């Protein structure tokens, strides 16, 4: 199954957390993808040119997948269904839609928001210390 990484997991990797690196190495033989919106969130976290270059270099090691029209349609439906009750955000809806459309496994620490989406394959990748 293809592993999809959410922003929080990638931030841990960029920060060099040992448990994040160990988890990535443990799953190195599996296919990884990063949704385009997640890549964009990482870029938004850049404080300067050095951060930006480091983020771009890091993202080159992953397959960044961009949403298609069907993903936006499904994300809209998820937003309408879950926004008022759970606070699910537009980026989270788009990531969830991409996961559902492709039957990927999402690894994230944002379990609270994603749990409201039925049949979404989500898991926490490792324990944070």
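The values are calculated or read from the model by the stated rules, or taken from the named source; none is laboratory data. Source: prediction; values computed, not measured. As a convention, Cβ positions derive from the backbone with ideal geometry for all residues, glycine included, and neighbour counts pool all protein chains shown.
Can you find a residue that is out of contact with any helix residue (DSSP H, G or I) (no Cβ under 9 Å at 6 or more places or on another chain), under 14 Å from residue 36 (Cα atoms) and without any contact (Cβ under 8 Å) to a residue 12 or more places away in the chain anywhere in segment 82-94?
First, pick out the residues of segment 82-94 that are out of contact with any helix residue (DSSP H, G or I) (no Cβ under 9 Å at 6 or more places or on another chain): 84-85.
Of the ones still in play, those that are also under 14 Å from residue 36 (Cα atoms) are none.
No: zero hits.
Conditions (1) modelled with pLDDT under 95; (2) within 17 Å of residue 6 (Cα to Cα); (3) not in a helix (DSSP H, G or I), marked per residue:
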position: 40; (1), (2), (3): no, yes, no
position: 52; (1), (2), (3): no, no, no
position: 70; (1), (2), (3): no, no, no
position: 74; (1), (2), (3): no, no, no
position: 84; (1), (2), (3): yes, no, no
position: 88; (1), (2), (3): yes, yes, yes
position: 92; (1), (2), (3): no, yes, no
Check: Would you say residue 52 is touching a residue at least 12 places away in the same chain (Cβ under 8 Å) and either surrounded by 14 or more Cβ atoms within 10 Å (Cβ to Cβ) or over 18 Å from residue 20 (Cα atoms) (or both)?
Finding: no
Note to self: Suppose the filter is under 25 Å from residue 1 (Cα atoms) and exposed (fewer than 13 other Cβ atoms within 10 Å of the Cβ); does residue 127 pass it?
What the structure shows: yes
Note to self: Could you check segment 33-49 and list, in sequence order, the residues that are in contact (Cβ under 8 Å) with a residue 12 or more places away in the chain and within 23 Å of residue 100 (Cα to Cα)?
What the structure shows: 33, 34, 35, 36, 37, 38, 39, 41, 42
Item checked: Criterion violated by residue 35 - all others in (1) surrounded by fewer than 19 Cβ atoms within 10 Å (Cβ to Cβ); (2) modelled with pLDDT of 95 or more satisfied -> (1)
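Looking at segment 95-116 only, could you name the residues that are farther than 23 Å from residue 20 by Cβ and surrounded by fewer than 22 Cβ atoms within 10 Å (Cβ to Cβ)? Steps first, please.
Within segment 95-116, the subset farther than 23 Å from residue 20 by Cβ is 97, 100-103, 116.
Hits for segment 95-116 are 100, 101, 102, 103, 116.
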Next item on the list: May I ask you to list pairs of residues, at least six apart or on different chains, whose Cβ atoms are under 8 Å apart, with the first in segment 13-32 being closer than 17 Å to residue 60 by Cβ and the second being in a loop (DSSP other than H, G, I, E, B)?
Entry: 31/2; 32/2; 32/62
Margin query: Of the conditions (1) under 15 Å from the mean Cα position of the chain (by Cα); (2) surrounded by 12 or more Cβ atoms within 10 Å (Cβ to Cβ), residue 82 satisfies every one except a single condition; which number is it?
Written below: (1)
